[in-house]
1. Can you say whether residue 76 is without any contact (Cβ under 8 Å) to a residue 24 or more places away in the chain, more than 17 Å from the chain's Cα centre (by Cα) and buried (at least 19 other Cβ atoms within 10 Å of the Cβ), as far as the supplied structure shows?
2. For residue 152, all conditions in the list (1) in a helix (DSSP H, G or I); (2) more than 15 Å from residue 70 (Cβ to Cβ) hold save one; what is the number of the exception?
3. Would you please name the residue that is modelled with the highest pLDDT, looking only at residues in the stretch 94-118 that are over 23 Å from residue 167 (Cα atoms) and not hydrophobic (A, V, I, L, M, F, W, C)?
4. Restricting the search to the stretch 129-184, which residues are surrounded by fewer than 16 Cβ atoms within 10 Å (Cβ to Cβ), in contact with a Pro (Cβ under 7 Å, 6 or more places away or on another chain) and closer than 18 Å to residue 81 by Cβ?
5. Kindly list the number of the only condition in (1) modelled with pLDDT of 95 or more; (2) within 18 Å of residue 154 (Cβ to Cβ) that fails for residue 68.
6. Return the only residue of 164, 131 being in contact (Cβ under 8 Å) with a residue 60 or more places away in the chain and part of a strand (DSSP E or B).
7. Scanning the stretch 119-128 for residues that are surrounded by 14 or more Cβ atoms within 10 Å (Cβ to Cβ) and not polar (S, T, N, Q), which turns out modelled with the lowest pLDDT?
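The values are calculated or read from the model by the stated rules, or taken from the named source; none is laboratory data. The model shown is predicted, which means the values in this text are computed figures rather than measured ones. All Cβ positions, even for glycine, are placed from backbone atoms using ideal geometry, and neighbour counts span all protein chains on display.
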Amino acid sequence: MAERVSHTRMRILAALMLLLASCAQPLPPGEEGRREASIPAVPPFIRHVPNEIVRTTWTFRSSDEECTAIAAGPGTSLQVTVRRDAPIRLVVALAPAPTPRPVNAPLHFTGSAGSWQVTARRTAARQFTVALGSDDIALSRILVLLSGGTLELGRPPQPIVSLAISPSDTQGQTWFDCARGKML
C-alpha cells in the first residue's frame with residue numbers, strides 16, 4: 001500500500017509539474033504582449049473643393065485722372081488702375097466665402113504672351129491689392145494680362161480664386177495707350 005500511495009503521489013506531483021511548466025511556457029506567437037488594438041492616427045479630413053474658374057469679360061474707362069480696366073465675372077473682379085505719378089494698382093475683389101483668407105497670397109498670371117507673379121496683400125475681407133510699380137516692367141505685366149490667360153490668387157493646388165481672363169480687343173489697346181500715357 002505504501003508503494004501505491006507513493007506511486008499516486010508521484011503521478012500527482014508529475015501532473016502538478018506539467019501544469020506549472022505549461023503555465024511558465026511563453027505564449028504562442030502573436031499572443032505575446034497582447035493588448036487592445038489602438039486606432040491609428042488619421043489626419044483631419046480636409047474638404048477638397050474643386051477650383052472653379054471664373055470667366056471674365058473686360059470693360060475699360062479712361063479719364064484725365066486715371067485709366068481703369070476691369071475684368072469681371074460672377075461675384076469676382078480684377079481692377080487695374082493707372083494714374084499719373086502713382087504705381088499701377090491691381091485689386092482682386094472676391095465673392096463672399098466662409099473660409100478665412102490669408103493676409104498675403106501669391107498672384108500668378110499665365111498666358112500666351114507670358115507669365116508673372118507678385119504677392120498680393122489682403123486689404124479688406126474680400127479684397128486683395130497689389131502695387132505693381134510705375135515702370136516699364138509694370139506696364140509689360142499689364143500688356144501680358146491684356147493678352148488673356150489665367151490669373152490665380154493663392155497657392156496651388158487650391159488657389160483662393162482662378163480667373164479666366166479673356167484677351168482684350170481694340171478697346172483694350174486704346175486703354176493701354178491711355179495707361180502708357182499716364183506712366184510716361
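1. no
2. It is condition (1) that residue 152 fails.
3. 104
4. Selection gives 131, 133.
5. Among (1) modelled with pLDDT of 95 or more; (2) within 18 Å of residue 154 (Cβ to Cβ), residue 68 violates only (2).
6. Working: 131 fails: in contact (Cβ under 8 Å) with a residue 60 or more places away in the chain.
Residue meeting the stated conditions: 164.
7. Filtering the stretch 119-128 down to residues surrounded by 14 or more Cβ atoms within 10 Å (Cβ to Cβ) leaves 120-122, 126-128.
Next cut, not polar (S, T, N, Q) only: 120-122, 126, 128.
Working: 120: 95, 121: 95, 122: 93, 126: 89, 128: 95.
Per the stated criteria, the residue is 126.
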